[in-house]
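Worksheet: one structure, shown below.
The values are calculated or read from the model by the stated rules, or taken from the named source; none is laboratory data. The model shown is predicted, which means the values in this text are computed figures rather than measured ones. Positions of Cβ are generated from backbone atoms using ideal geometry, with glycine treated the same way; all protein chains shown enter the neighbour counts.
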Amino acid sequence: MTSESGRLSRSVEDYLKAVQALTVRGESASTSALAEILDVQPASVTGMVKRLAEWGLLAHVPYRGVSLTESGRREALRVLRRHRILETYLAEVLDYAWDDVHDEAERLEHAASDRLIAAMSAALGNPTHDPHGAPIPTPDGSIEASSWASLRDASVGDHVEIRAVEDEGAPQLREMESLGLVPGASILVAARHADGRLSVELADPQRSFDVDPALAGLIFVAPAR
């Protein structure tokens with residue numbers, strides 16, 4: 001399942017990236033989870049997973065679905081690097097809004113050559129994080145570990161800094177931006193309401209407001225530096 005250029009096909013790259021996304025969040029890369037994230041039938045997942053395992057890109061994990069082999073992880077991070085460099089270039093050079101870059105990068109990531117991505121990265125000053133705060137894999141296949149907690153799990157009194165946000169929901173990204181809940185923002189968790197809403201105090205600009213728990217679950221934080 002390679003393209004004429006010798007690269008892995010789009011469908012294979014999508015599978016590897018999906019497994020990487022699930023496992024990095026500590027979730028099971030099961031048939032059902034992959035079917036949901038890729039919007040395909042479970043029977044299709046079963047067949048593809050079997051082929052990718054035969055190719056040495058995936059390994060079966062008892063009761064946990066599949067995991068990436070070393071070669072599978074390397075290929076997944078190549079795709080992820082292309083995606084996040086494209087997002088950054090679209091945002092910083094072409095002035096795309098941060099809620100538009102994900103879908104555009106999804107369309108471009110399978111066509112862009114490694115040479116083009118290297119040129120874009122150099123033009124950007126070799127960025128380490130994309131517009132949503134996610135770490136960009138290096139050309140040699142390493143990536144910064146990111147074990148941040150979600151804002152939803154923060155405790156009252158915590159002073160935290162937003163490090164990254166989930167990038168796949170455009171309406172949620174627009175809401176975050178309107179509230180100032182963007183990477184780098186410093187906030188204090190002032191209170192937790194019975195319905196799960198968090199009262200937070202934003203440092204700059206200084207203001208207070210409530211955050212819905214569903215939105216808070218898409219925002220990843222670390223103790224303020």
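Answer with yes or no whether Ala111 is in a loop (DSSP other than H, G, I, E, B), surrounded by fewer than 19 Cβ atoms within 10 Å (Cβ to Cβ) and not β-branched (Val, Ile, Thr). Explain how you work it out, then say what you get.
Working: in a loop (DSSP other than H, G, I, E, B): yes; surrounded by fewer than 19 Cβ atoms within 10 Å (Cβ to Cβ): yes; not β-branched (Val, Ile, Thr): yes.
Yes: the conditions hold for Ala111.
Would you say Thr88 is buried (at least 20 other Cβ atoms within 10 Å of the Cβ), more than 22 Å from Ile37 (Cβ to Cβ), of a type outside the set (A, V, I, L, M, F, W, C) and at pLDDT 95 or above?
Yes: the conditions hold for Thr88.
What's the number of the condition Asp212 fails, among (1) in contact with a strand residue (DSSP E or B) (Cβ under 7 Å, 6 or more places away or on another chain); (2) free of Cβ contacts under 8 Å to residues at least 40 places away in the same chain?
Here Asp212 clears every test but (1).
Between a residue in the range 182-208 that is without any contact (Cβ under 8 Å) to a residue 60 or more places away in the chain and under 23 Å from His129 (Cβ atoms) and any residue that is assigned to a strand (DSSP E or B) and of a type in the set (D, E, K, R), which pairs come within a Cβ distance under 6 Å, given they are 6 or more apart or on different chains?
Cβ pairs passing all conditions: Ser186/Glu161.
What number of residues within the range 131-181 are surrounded by 14 or more Cβ atoms within 10 Å (Cβ to Cβ), among the polar types (S, T, N, Q) and out of contact with any Phe, Trp or Tyr (no Cβ under 9 Å at 6 or more places or on another chain)?
The total comes to 2.
When the range 9-43 is examined, which residues are found to be more than 14 Å from the chain's Cα centre (by Cα) and under 14 Å from Gly72 (Cβ atoms)?
Val12, Glu13, Tyr15, Ala29, Leu34
Among the residues of the range 7-17, is any part of a loop (DSSP other than H, G, I, E, B), of a type outside the set (Phe, Trp, Tyr) and modelled with pLDDT under 95?
There is at least one residue in the range 7-17 that is part of a loop (DSSP other than H, G, I, E, B), of a type outside the set (Phe, Trp, Tyr) and modelled with pLDDT under 95.
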